Amino acid sequence: MNNDNTARGSFGSQLGVVLASAGSAVGLGNIWRFPTEVGKGGGAAFILIYLCFIFFLAMPVMVSEFVIGRSSHSNAIGAYQKLAPGKPWVLAGIMGVLGGFLVLSYYSVVAGWTLHYTTQSVLGHLHVQGDTDFTQAFNTFVSAPLQPIAYLAAFLLLTHLVVARGIQHGIERYSKLMMPLLLAIIVILVGFSLTMPGASEGIRFLLQPDLSEVTTDTILGAMGQAFFSLSVGIGCLVTYSSYFSRETRLVKSATNVCIIDTAVAILSGFIIFPTVFSVGIAPDAGPGLVFITLPNVFAMMFGEIPLVGYIFALLFYVLLLLAALTSSISMHEICTAFISEHFRKSRHTAAVIVTAICLLLGSFCSLSFGPWQEIKVFGLGIFDLFDVTVTKFLMPLGGLLMTLFVGHYLDKRLVEQQLTNNGHIPVRFMRPLLLLIRWVVPAGILIIFLNELIPLIIK
């Protein structure tokens, strides 16, 4: 196994492991989805519930993915073929690879929008007072047939160039560059936001629990956000952990990734809430927050101080672009590793195939906002169909199968060997962790899945 891993490549340092894994978790959802969920869920009350789910549900799933990946030293499908040859568990890996293609395709569409807005911020178009209707500007851009696809292609090319260079020289090297830069930009933007007039109202909302807003939907929303934020259940961490060395501490690495991801999400709240509350605007959901609401805020707040506005807008959209890129790299790697190893292709050739397929599928997703918006499958446009397929089906089912596989199929001795590095390191709370993996996490994921599935069936 070790020889296989050497031939496949591996991470060169523990820092590289943590930053690359954290990069796969930190994405656009941390910056716009998390603040939206916090807004709907009563501020700090939601955050407290979210933290519980992160460390008691999502982290054990991550540990399970780490166990599967490092014990097999193979891609998301090959891992199950090695550990359970001839068994139907391989279905979890197939869903992971399929999910990787679908996520990268539609995610790159939104990332392309981010790249477009980054160029707009460089040109100074997002912080000045004027007659710009940002809602109309956004809708005109996304519905155009060619321009969004051009930005989609540019973003996929950036992702491709990193993945094609391999593990140490590509993913690890650029993760070490992008993640510290991302964290530095977040700290700077937090400083900007906290100095805005009326920022205290946003901070109060973020830190003061409002238990009256907590409902069953709040709890389920926090649970779903925990899994979504860490990107567990889709196989990217199985692939990443297949490049871990024997010395990598799985539980410690998972803990560090959860801490970084959670810190980014909460700090994003410190950027968003003081900013929008300072001008009396509540955060919108989804893309509207960063592509419509915030450009309006930039124009309102900084129209008379253009230099500050220019810096703020530029840093914010560079932050979004970096977050999008760190996540897209992990999704690309799921697919690249599978094609390279299963079909015996070079990494470069495999990366080209993945990029080409995702460009084609991503173009379909992009066109669903414009010329193809009338095309519906089960009442959904192509973009929404991909999104629903992954987030409501593949991710929860994949996570469920992974925890059942580790908790009930794999030999307990193998699991304990992976967690303790063959007995060389002690793992505190081993029994509670295994209890979470075996029983609590599958039950939690099943609740999420049914909560998402039942409304779709009723419709």
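The values are calculated or read from the model by the stated rules, or taken from the named source; none is laboratory data. Just so it is clear, the model here is predicted, and its values are computed rather than measured. Here the Cβ positions follow ideal geometry from the backbone for every residue, glycine too, while neighbour counts run over all protein chains shown.
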*For segment 293-393, list the helices (runs of 4 or more DSSP H) that sit wholly inside it and hold at least 1 residues that are without any contact (Cβ under 8 Å) to a residue 12 or more places away in the chain; which are they?*
306-342, 347-367, 382-388
*asked:* Against the definition (in contact with a helix residue (DSSP H, G or I) (Cβ under 7 Å, 6 or more places away or on another chain) and either surrounded by 24 or more Cβ atoms within 10 Å (Cβ to Cβ) or of a type in the set (Phe, Trp, Tyr) (or both)), how does Ala58 come out, yes or no?
replied: yes
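Any chance you could count how many residues in segment 139-166 are β-branched (Val, Ile, Thr) and either surrounded by 22 or more Cβ atoms within 10 Å (Cβ to Cβ) or at positive phi (or both)?
Of all residues in segment 139-166, those β-branched (Val, Ile, Thr) come to 140, 142, 149, 159, 162-163.
Filter once more, keeping what is either surrounded by 22 or more Cβ atoms within 10 Å (Cβ to Cβ) or at positive phi (or both): 159, 162-163.
Qualifying residue count for the region: 3.
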*Within segment 226-239, is there a residue that is touching a Phe, Trp or Tyr at 6+ places or on another chain (Cβ under 7 Å), modelled with pLDDT of 85 or more, buried (at least 19 other Cβ atoms within 10 Å of the Cβ) and of a type in the set (S, T, N, Q)?*
no
*asked:* touching a Cys at 6+ places or on another chain (Cβ under 7 Å), closer than 20 Å to Gly27 by Cβ and among the β-branched types (Val, Ile, Thr): is that true of Ile334 in this structure?
replied: yes
*Under 6 Å by Cβ, and 6 or more places apart or on different chains, what pairs join a residue from segment 77-105 that is on the phi < 0 side of the Ramachandran plot with one that is outside any helix (DSSP H, G or I) and surrounded by fewer than 22 Cβ atoms within 10 Å (Cβ to Cβ)?*
Tyr80/Trp89
_Only listed residue being within 24 Å of the chain's Cα centre (by Cα) and surrounded by fewer than 18 Cβ atoms within 10 Å (Cβ to Cβ), chosen from Ile447, Ile425_ = Ile447
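Let's see how each residue does on (1) farther than 30 Å from Trp372 by Cβ; (2) of a type in the set (A, V, I, L, M, F, W, C); (3) at pLDDT below 95:
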residue	(1), (2), (3)
Tyr151	no, no, no
Leu158	no, yes, no
Leu189	yes, yes, yes
Ile203	yes, yes, yes
Gln208	yes, no, yes
Thr218	yes, no, yes
Gly221	yes, no, yes
_Residue match in segment 152-174 (condition: hydroxyl-bearing (Ser, Thr, Tyr) and within 20 Å of the chain's Cα centre (by Cα))_ = yes
*Taking into account only those residues within segment 61-74 that are touching a Lys or Arg at 6+ places or on another chain (Cβ under 9 Å) and closer than 18 Å to Cys335 by Cα, which is surrounded by the most Cβ atoms within 10 Å (Cβ to Cβ)?*
Ser74
_Looking only at segment 88-108, how many residues end up being out of contact with any helix residue (DSSP H, G or I) (no Cβ under 8 Å at 6 or more places or on another chain) and not β-branched (Val, Ile, Thr)?_
1
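Scan segment 429-459 residue by residue and report those that are β-branched (Val, Ile, Thr) and either touching a residue at least 12 places away in the same chain (Cβ under 8 Å) or in contact with a strand residue (DSSP E or B) (Cβ under 8 Å, 6 or more places away or on another chain) (or both). Spell out the reasoning first.
Here is the first cut: in segment 429-459, the residues β-branched (Val, Ile, Thr) are 437, 440-441, 445, 447-448, 454, 457-458.
Passing the criteria: Ile437, Val440, Val441, Ile445, Ile447, Ile448.
Based on what the data block shows, is Thr216 farther than 30 Å from Trp89 by Cα, surrounded by 16 or more Cβ atoms within 10 Å (Cβ to Cβ) and among the β-branched types (Val, Ile, Thr)?
Values: farther than 30 Å from Trp89 by Cα: yes; surrounded by 16 or more Cβ atoms within 10 Å (Cβ to Cβ): no; among the β-branched types (Val, Ile, Thr): yes.
The answer is no for Thr216.
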*Mind checking which helices (runs of 4 or more DSSP H) fall wholly inside segment 1-119 and carry at least 1 residues that are more than 22 Å from the chain's Cα centre (by Cα), modelled with pLDDT of 95 or more and β-branched (Val, Ile, Thr)?*
none
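If only one of Ala153, Ala144, Ala199, Ala164 is touching a His at 6+ places or on another chain (Cβ under 9 Å) and among the small types (Gly, Ala, Ser), which one is it?
Ala164
Kindly provide the set of residues from segment 163-204 that are of a type in the set (Asp, Glu) and free of Cβ contacts under 8 Å to residues at least 40 places away in the same chain, ordered by number.
Filtering segment 163-204 for residues of a type in the set (Asp, Glu) gives 172, 201.
Passing the criteria: none in range.
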